[in-house]
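Q: Have a look at this one.
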Amino acid sequence: MVAVAALQPLAVRRTRVAVGGWLVAAVVYLLGVLHRTSLGVAGLQAEHRFGITPAQLSVFIFLQLGVYAAMQVPTGVFVDRYGPRRMLVAASLVMGVAQLLFAVVPSYPAALAARALLGCGDALTFVSVLRYASTHFSARRYPVLVALTGMFGMAGNVLATLPLAVLLHHAGWSISFGSAALLSLGGAGVVWAVLPVTPAPPSLRSVADVRDGVSGVARRVADAWSLPGTRLGFWLHFACMSSAGAFGVLWGDEYLIKSAGFSSAGAGAVLMAGVLAAAVTGPILGSVIGRRPFLRVPIGLAICAVTIAGWCTVIAGFGDHPPRGVVVVLFVIMMLGGPASMAAFALARDYNGARTLGTASGVVNVGGFVAAVVIALGIGWALDAMGGSSAHALRMAVLVAVGVQSFGALRLAVWYRRVRARALCLQSRGEPIPVPVVRRRWDLAVPLPALDDRTLASVD
C-alpha cells in the first residue's frame, strides 16, 4: 500500500510534465499556423506592395506549402532520429528569421525566398508535436491530443484572420509581420527550457540503427507507404484539407471581398467564424473517433461531400454574387475539413510501429498540403487566364477546388473499401486488426482469404 501511494504522486508529476511539454509544443504549432496563414488576409496588400498579379501571388503559397509538403518525409525521419525537442527549437528559429525577413524585404524575389524559408520551418512543427504526443500518451488519448493540437492550429488561424487584418490596417506591414517573427524567436528559448527530452525508440538507440535510419530514408518511406492504412490516411488528409487549406491560406479573403461583397474586416470575420467552428468541433471529433474509430473515414467523406455540393450550388445557382448568408455557411462547413483531416494521423499511428511513426505521419501530412498547393496555384493560373480576379473569374476559378477535392474524395472512398477488405480478410484468419470491421453490402466482393497487401492495390 505504501509503494502504491508513493507511485501515485510520481505518476501525477509525470502526467503534468507530459501535458506541460505538449502545451509548449502545441504553441509552437500555433505560431506555425499563424505564419502559414498570414497571407490569407494580406493578399491584396501583397499585390500592391510587390506590384504582382494574382498568379504571382499564388506563387507565394506554391513555394511555402510546396516546401512544407516536400519537407514532411525528411521531417518525419529527423524527428525519429533527433526527437521533437530539437526539431521544435529549430522550427521556431527558422520561422522567426523567415517572417522577420518577409516583414522588411522590398522586392518580390526576396519575399518569395522568405516564404520558402518559412515553409521549411513550418514543416518541422506538426509532426514533431505528434511524435511527442505518441510517446507520452496512450493510444486512447492520442486522437484527442491530435484534435487538441489541431485546435491550437486553429487558434493560430484565428489570429491570422481578423486580429491580423486589424493590425495590418493600423500598424502596417513591417510591424505586423515583425511582431509575429519575434513570437517565434522567443518561443525557441521556451521550448529548449521547458520541453522534456523524448527518448528514441529502442530500435534507434544504437549507432548502427541510427545510421541505417538516416541512410535508408527511401526504404522507410516505401515501408510506410506500402501499408494500406498509411495510404488511407494520406487520401483522408488530401480530401479534407484541400479546399479548407487553399481558401484559408490565400484565396478566401479575395473571394469574400470581390465575389460575396464583404468588406476587408467582414471577410476576416467570416474566415475567423470558420476557424472558430473548426476549433470547437476539433476536440469533439477527436473524442468521438477515439471511442468509435470506425467513424474516422465516414465523417471525412461526409464533410467532403457537403463542401463539394455546396460549392456546386453556389457556382451554378447564384451567379457571380451569391448571397452572403449562403457563403458564410459554406465557408464554415468547408473549414470543418481541417479537424476532420486530423483522423488521418490516428490511422498512421494504428498501422505503423514506433520506428517509422514519424515518417508515416510525414507521408500522411503531405496529402493535404499537396492538394492545397494545387488548388492555390490552379486558381491563380485560372484568374490570370481570364484577365484578372473579377467576380465572374473567381466564380469560375473555384471549379479548380471542386475538381481537386472531388478527386481526393474518390481516392479516399477507393482506399476505404480496400482497407476494409484487408481488415475483413485478417479477421477471417483470426489475426488482430486495429479496428474491427462489420461486413457491409458495399464492401469489395473478393475472395477474402486470397487477399493480401500485394493484391490490395490492384483491387477496384
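The values are calculated or read from the model by the stated rules, or taken from the named source; none is laboratory data. In this text, all values refer to a predicted model and were calculated from it rather than measured experimentally. Quick reminder, even Gly has a Cβ in these numbers, built from the backbone with ideal geometry, and neighbours come from all protein chains shown.
Q: Could you tell me which of the residues MET95, MET87 is touching a Leu at 6+ places or on another chain (Cβ under 9 Å), buried (at least 20 other Cβ atoms within 10 Å of the Cβ) and within 30 Å of ILE289 (Cα to Cα)?
A: Checking each option against the conditions leaves just MET87.
Q: Report every pair of residues separated by at least 6 positions or lying on different chains whose Cβ atoms are under 8 Å apart, first residue within the stretch 39-56 and under 18 Å from ALA110 (Cβ atoms) and in contact (Cβ under 8 Å) with a residue 40 or more places away in the chain, second among the β-branched types (Val, Ile, Thr) and buried (at least 20 other Cβ atoms within 10 Å of the Cβ).
A: Within 8 Å, the pairs are LEU39/ILE61; LEU39/VAL249.
Q: Of the residues that make up the stretch 79-92, is at least one free of Cβ contacts under 8 Å to residues at least 60 places away in the same chain and within 23 Å of SER389 (Cα to Cα)?
A: Looking for residues that are free of Cβ contacts under 8 Å to residues at least 60 places away in the same chain and within 23 Å of SER389 (Cα to Cα), one finds none in the stretch 79-92, hence no.
Q: So how many residues does the stretch 296-324 have that are small (Gly, Ala, Ser), surrounded by fewer than 19 Cβ atoms within 10 Å (Cβ to Cβ) and modelled with pLDDT of 90 or more? Outline the logic, then answer.
A: First pass over the stretch 296-324, keeping only residues small (Gly, Ala, Ser): 300, 302, 305, 309-310, 316-317, 319.
After this cut, where a residue has to be surrounded by fewer than 19 Cβ atoms within 10 Å (Cβ to Cβ) as well, the list is 302, 305, 309, 316-317, 319.
Going one step further and asking which of them are modelled with pLDDT of 90 or more, we end up with 302, 305, 309.
Going through the stretch 296-324 one residue at a time, the tally reaches 3.
Q: Just a yes or no: is a residue in the stretch 298-314 part of a helix (DSSP H, G or I), polar (S, T, N, Q) and more than 29 Å from PRO54 (Cα to Cα)?
A: no
Q: Also, quick follow-up: For the stretch 190-273, give me every one of the helices (runs of 4 or more DSSP H) that falls completely inside it and has 1 or more residues that are at pLDDT 75 or above and under 20 Å from ILE303 (Cα atoms).
A: 228-246, 252-258
Q: Let me ask something else about it. Tell me yes or no: at least one residue of the stretch 281-295 is within 26 Å of VAL67 (Cβ to Cβ) and either assigned to a helix (DSSP H, G or I) or at pLDDT below 80 (or both).
A: yes
Listed here are the residues, each with its yes/no results for (1) modelled with pLDDT of 90 or more; (2) of a type in the set (D, E, K, R); (3) within 27 Å of ALA267 (Cα to Cα).
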residue: TYR108; (1), (2), (3): yes, no, yes
residue: ALA113; (1), (2), (3): yes, no, no
residue: GLY119; (1), (2), (3): no, no, yes
residue: THR135; (1), (2), (3): no, no, no
residue: ALA139; (1), (2), (3): no, no, no
residue: LEU145; (1), (2), (3): no, no, no
residue: ALA155; (1), (2), (3): no, no, yes
residue: ALA160; (1), (2), (3): no, no, yes
residue: ALA165; (1), (2), (3): no, no, yes
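Q: Taking the stretch 41-68, which residues are under 29 Å from VAL166 (Cβ atoms), under 16 Å from the mean Cα position of the chain (by Cα) and modelled with pLDDT under 80?
A: ILE61, PHE62, GLN64, LEU65
Q: I would also like to ask the following. Can you find a residue in the stretch 320-341 that is out of contact with any Phe, Trp or Tyr (no Cβ under 8 Å at 6 or more places or on another chain) and more than 30 Å from GLU47 (Cβ to Cβ)?
A: Yes - at least one qualifying residue is present in the stretch 320-341.
Q: Additional query: Quickly run through the stretch 132-142 and pick out the residues that are assigned to a helix (DSSP H, G or I), surrounded by fewer than 24 Cβ atoms within 10 Å (Cβ to Cβ) and of a type outside the set (Val, Ile, Thr).
A: Residues of the stretch 132-142 assigned to a helix (DSSP H, G or I): 132-136, 142.
Within this subset, residues satisfying the condition of being surrounded by fewer than 24 Cβ atoms within 10 Å (Cβ to Cβ) are 134-136, 142.
Listed by number, the residues that qualify are SER134, HIS136, TYR142.
Q: Run down THR359, THR307 and say which single residue is under 19 Å from LEU250 (Cα atoms), touching a residue at least 12 places away in the same chain (Cβ under 8 Å) and of a type in the set (Ser, Thr, Tyr).
A: Unique residue meeting the criteria: THR307.
Q: Kindly provide the set of residues from the stretch 370-414 that are at pLDDT 90 or above and of a type in the set (Phe, Trp, Tyr), ordered by number.
A: Within the stretch 370-414, just PHE407 meets the criteria.
Q: With respect to VAL166, determine if the residue is surrounded by 19 or more Cβ atoms within 10 Å (Cβ to Cβ) and either in a helix (DSSP H, G or I) or touching a Lys or Arg at 6+ places or on another chain (Cβ under 6 Å) (or both).
A: Answer is no for this residue.
Q: Follow-up question, since we're still on this one. Given the conditions (1) hydroxyl-bearing (Ser, Thr, Tyr); (2) under 25 Å from PHE407 (Cα atoms); (3) over 22 Å from the mean Cα position of the chain (by Cα), which single one is not true for SER264?
A: (2)
Q: State the number of residues belonging to the stretch 69-104 that are outside any helix (DSSP H, G or I) and at pLDDT 90 or above.
A: Total meeting the criteria: 0.
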